[in-house]
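The values are calculated or read from the model by the stated rules, or taken from the named source; none is laboratory data. Being a predicted model, the structure only gives us computed values, none of them experimental. Cβ placement follows ideal geometry from the backbone for every residue including glycine, while neighbour counts extend to all protein chains displayed. Heads up: the accessible areas ignore ligands, DNA and RNA and are worked out on the full protein's heavy atoms, side chains in. Shrake-Rupley method; radii C 1.70, N 1.55, O 1.52, S 1.80 Å.
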Amino acid sequence: MIELRALRKVFGGTVALEEIDLSVPAGEIHGIVGRSGAGKSTLIRCLTGLEKPSSGTVTIDGLNLTHQSGPGLRKARRNIGMVFQHVNLLDSRTALKNVAHPLEIAGVGKAERLAKAQELLDFVGLGDRAKNYPSQLSGGQKQRVGIARALAAEPKVLLCDEPTSALDASTTEQILGLIRSLRDRLGITVLIITHEMAVVREICDSVTLLADGRVARTGKIAEVISEPGSVLAKELVPLPPVSIDDGASRLVEVSLAGTDLPAVLTAARNVGVSADAILAGAVETIEGRQVGRLRFNVASTDQANGLISALQADGIYAEEAA
Ligand SMILES: Nc1ncnc2c1ncn2[C@@H]1O[C@H](COP(=O)(O)OP(=O)(O)OP(=O)(O)O)[C@@H](O)[C@H]1O
Ligand SMILES: [Mg+2]
């Protein structure tokens, strides 16, 4: 549904995107993560046609956006709905009229657009708030109205730029639940830019990590999360911060991807490291497999090296942590 090929975008001397290849199949929810300045917003702007790539192609639903301009581009854009961190609702219009607004611009008759807007508000669970003005709605409710508005033109793709960053945890849950149900019920393809790894874990089927304008890693969540030692795996299953203040001791981080916890503990015990040495751990079950990491605090560099070699001999990934 979304295909990027050798996408490159240069601003003056700054290379914002380089050799981006990405395919997101129809009906998939794909997350884009990366540090500030990695190129996430530039990528989404290239997808909407707001920014013209320096080279490479952007294809959405079989239509190459890079070759479109004027009416062709406007038509292609109708396939794309946008949801932002801050919903720009029109304060002087009710929720219903905000949702109907894009239809009004598209020339849809009054009765039809209001009926459609009501249907969309029902869909996002705000059917009884149609007559409310934005000032009478909570942040989460406004975001729902924004989503309903983005769906008005029946897009095939929904691009979300930090859709939950301004919301609290329980509202975030609700919005993510809504996005998932849009995918399940409408078959819409979703691209979510987020800095919240919890969002990626919660609803994404696949994820891309951008670093310095390039794809550092892309894949299914279950795959990338169980890649021993990978940056994305570490970010997706974070460990609580631990500190050691004693100069001699060392931290060893062990990956549990596809490895039984008892096997790790046995290997550790064999080199004199007991379970008491575990300072922090995070384990999750993804698609029936345990993934996660453990941090051991060991007495010396020698013991750290001994533990790492013993684990590696058993095929378990371990490394000294900073
Ligand atoms: N219009 C522009 N003119 C010049 N440089 C730009 C422009 N837009 C983006 N850049 C540069 O391109 C790079 C990527 O920026 P981008 O906004 O895509 O990052 P981002 O991943 O969205 O970051 P953030 O998480 O902070 O929003 C940065 O180095 C940025 O300074
Ligand atoms: Mg950005």
- Among the candidates Ala321, Ala282, which residue alone is farther than 14 Å from Leu261 by Cα and open to solvent by less than 50 Å² (accessible area, probe 1.4 Å)? Ala321
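Matching residues to (1) within 19 Å of Cys160 (Cβ to Cβ); (2) open to solvent by less than 20 Å² (accessible area, probe 1.4 Å):
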site: Val10; (1), (2): no, no
site: Ile29; (1), (2): yes, yes
site: Val33; (1), (2): yes, yes
site: Ser36; (1), (2): yes, no
site: Pro53; (1), (2): no, no
- Of the residues in region 34-70 that are in contact (Cβ under 8 Å) with a residue 40 or more places away in the chain and in a strand (DSSP E or B), the one that is nearest to ligand 2 (Cβ to nearest atom) is Val58
- What pairs can you find where one residue is in region 1-22 and part of a strand (DSSP E or B), the other is basic (Lys, Arg) and open to solvent by 10 Å² or more (accessible area, probe 1.4 Å), and their Cβ atoms are less than 7 Å apart, with a gap of 6+ or different chains? Ala16/Lys9; Leu17/Arg8; Leu17/Lys9; Glu18/Arg8; Glu18/Arg214; Glu19/Arg8; Glu19/Arg214; Asp21/Arg5
- Task: Answer with yes or no whether Gly34 is more than 15 Å from the chain's Cα centre (by Cα), more than 30 Å from Gln136 (Cβ to Cβ), among the small types (Gly, Ala, Ser) and modelled with pLDDT under 95.
- Result: no
- Does region 242-249 include one or more residues that are in contact with a helix residue (DSSP H, G or I) (Cβ under 9 Å, 6 or more places away or on another chain) and surrounded by 15 or more Cβ atoms within 10 Å (Cβ to Cβ)? yes
- Query: In region 199-209, is there at least one residue being among the aliphatic types (A, V, I, L, M), closer than 26 Å to Lys9 by Cα and surrounded by fewer than 19 Cβ atoms within 10 Å (Cβ to Cβ)?
  - Reply: no
- Message: List the helices (runs of 4 or more DSSP H) inside region 156-250, counting only whole elements, that have at least 1 residues being within 29 Å of Arg289 (Cβ to Cβ) and within 16 Å of ligand 2 (Cβ to nearest atom).
- Response: 197-203
- Task: For residues that are hydrophobic (A, V, I, L, M, F, W, C) and either assigned to a helix (DSSP H, G or I) or open to solvent by 60 Å² or more (accessible area, probe 1.4 Å) (or both), tally how many sit in region 71-80.
- Result: 2
- Task: Could you give me the residue pairs with C-beta distances under 8 Å whose first residue belongs to region 111-140 and is farther than 15 Å from Thr94 by Cβ, whose second residue is open to solvent by 50 Å² or more (accessible area, probe 1.4 Å) and assigned to a helix (DSSP H, G or I) wherever it lies, and which are 6+ apart or on separate chains?
- Result: Gly140/Gln174
